[in-house]
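Step one of this worksheet: look at the structure below.
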Amino acid sequence: MTEARTTTKDRAIEEAPPFFGARFSLYPMTDRYIPVILDAIKGLRDTGLEVETDDVSTFVGGDRDRVFGELTRVFAAAARTGEHVVMTVLLSHGCPGETYCESTGEIRMPAQSARDGAKTGIAVSAQWSLYPLGSDGYMDLIYREIERTKKAGVFAKGAHFVSGLRGDLSEVLGAIGASFDAACADAGHVVAHATLSANSPTEKPS
């Protein structure tokens, strides 16, 4: 019987947290869109997070609380211009195609959130979808997390493929983050998509 050898690479993979990142695109509805976008993402590369930007979107990877903090900061900066601003966000945790989770099926519990819940004063409408991949009871998990947004007071209505959310920017992203964290405790690979809107000329609920 031979003893299995653990390589340095194997240990690094085992010790590393599952890969997490967000990909976002910002859409200011103004002919001033260039300075609005550039001012909003200013300093993003100085956060210590992994940042990649191309002509379609910006990727931010690393600590989950810090990523959510930057998403809040970026959108708040754009919204405070007073322009109608929309942001799309794609979140992914534990993707088996990423380096750190290729060799493990372990589901690691996320650390307790340390996010700042202070209100921003920015009212947003959002549409949010959650995808707990590889989970047999995925619909039960989704319904559970929709209920969590209701308890958080930000659920507005259900619609085709999405849940509508309304509230302060920090409350809405906080609820999305809390549901994402909880889903990660029960599914190895979790994806979520959200679209946020502020200062819309058609803000009245339908």
Cβ-based net charge around R45, under 15 Å, with every Lys or Arg adding one and every Asp or Glu removing one = -3
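Students often check this: by mean Cβ neighbours within 10 Å, which of 146-157, 175-186, 120-131 ranks highest, and how do the rest follow?
175-186, 120-131, 146-157
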key: Per residue solvent-accessible surface (Å²) - the stretch 120-161, probe of 1.4 Å   = 65
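Which of the three applies to the stretch 47-86, rounded, prolate or oblate, going by the alpha-carbon gyration tensor with a ≥ b ≥ c and a/c under 1.5 meaning rounded?
oblate
The values are calculated or read from the model by the stated rules, or taken from the named source; none is laboratory data. Quantities reported herein were computed from a predicted structural model and do not represent experimental measurements. Note that each Cβ is placed from the backbone with ideal geometry, even for glycine, and that neighbours are counted across all protein chains shown. Note: accessible area is taken over every heavy atom of the protein model, side chains too, but ligands, DNA and RNA are not part of it. Shrake-Rupley method; radii C 1.70, N 1.55, O 1.52, S 1.80 Å.
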